[in-house]
């Protein structure tokens, strides 16, 4: 049993991998100052350690401080080696970024997984705290991509930086034309981001010179897929854990 951990800015995801298959995924908010979250995390790790014989732990992280804190908890509950993507495990994909160290390891792992599972040329759209678009060339190289503020981040900024616009629930609208402020914001979020995703896929494809396979992942991938016009979009919520499973096999 391998415990794969994805440490992001908003959440920490835990994926249990057995015989190269992701069997279970658990997520908790990444709020280091929250005592409730800390207790929840402690309880989860204690229960997981009692229920599973974990022989290896692999961490993919974009938050160094959270990585250090979590390692201490893992060492408390598990007697298993801990490896971190980057320092201990290299992602076998050629990185064409001008400064390769600037690329988040989660982006590389997802690009690697998309290439191995769905083929190339392709684009990975990860709808997390930030929305990232990552291009994989026909040769299977990681090319780079684009980063924009994520759905929740944009919604919170709209509420915090305006005097009269309310905070709204992130739920899909019935129509493009909102008949209230809440409906208008919801329309802007989903139809707007859906159009953005379509447009970015088109522009990336034009620049790369190929029709691209599209793989979406992240918290809002399932719902956002409904607001895209591109056909054949694959939604894979476990993409990063599948990528870690592939790395473990190597």
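Among the residues that make up the stretch 154-171, is at least one of them free of Cβ contacts under 8 Å to residues at least 24 places away in the same chain, loosely packed, with under 12 Cβ neighbours inside 10 Å and under 30 Å from residue 122 (Cα atoms)?
Scanning the stretch 154-171, I find at least one residue that is free of Cβ contacts under 8 Å to residues at least 24 places away in the same chain, loosely packed, with under 12 Cβ neighbours inside 10 Å and under 30 Å from residue 122 (Cα atoms), so the answer is yes.
So residue 186 ticks every box in (1) in contact (Cβ under 8 Å) with a residue 12 or more places away in the chain; (2) in contact with a helix residue (DSSP H, G or I) (Cβ under 9 Å, 6 or more places away or on another chain) but one. Which box is left unticked?
(2)
Going by the conditions given, is residue 232 surrounded by fewer than 17 Cβ atoms within 10 Å (Cβ to Cβ) and on the phi > 0 side of the Ramachandran plot?
Yes; evaluated as a whole, the condition is true for this residue.
Out of the residues in the stretch 213-229 that are more than 17 Å from the chain's Cα centre (by Cα) and surrounded by 18 or more Cβ atoms within 10 Å (Cβ to Cβ), which is nearest to residue 124 (Cα to Cα)?
So in the stretch 213-229, the residues more than 17 Å from the chain's Cα centre (by Cα) come out as 213, 226-229.
With the extra rule that they be surrounded by 18 or more Cβ atoms within 10 Å (Cβ to Cβ), the set shrinks to 213, 227-228.
Working: 213: 9, 227: 17, 228: 14 Å.
Among those that are more than 17 Å from the chain's Cα centre (by Cα) and surrounded by 18 or more Cβ atoms within 10 Å (Cβ to Cβ), it is 213.
Quick one: which residue in 140, 135 is assigned to a strand (DSSP E or B) and at pLDDT 95 or above?
Just a single option satisfies the conditions, and that option is 135.
For the stretch 87-97, what are the residues that are in a loop (DSSP other than H, G, I, E, B) and in contact (Cβ under 8 Å) with a residue 24 or more places away in the chain?
Residues of the stretch 87-97 in a loop (DSSP other than H, G, I, E, B): 87-88, 90-94, 96-97.
Residues satisfying the conditions are 91, 92, 93, 94, 96, 97.
Looking at (1) touching a strand residue (DSSP E or B) at 6+ places or on another chain (Cβ under 7 Å); (2) touching a residue at least 40 places away in the same chain (Cβ under 8 Å), which is the one condition that is false for residue 230?
Of everything listed in (1) touching a strand residue (DSSP E or B) at 6+ places or on another chain (Cβ under 7 Å); (2) touching a residue at least 40 places away in the same chain (Cβ under 8 Å), residue 230 misses just condition (2).
The values are calculated or read from the model by the stated rules, or taken from the named source; none is laboratory data. All values reported here derive from a predicted model rather than from experimental measurement. As a convention, Cβ positions derive from the backbone with ideal geometry for all residues, glycine included, and neighbour counts pool all protein chains shown.
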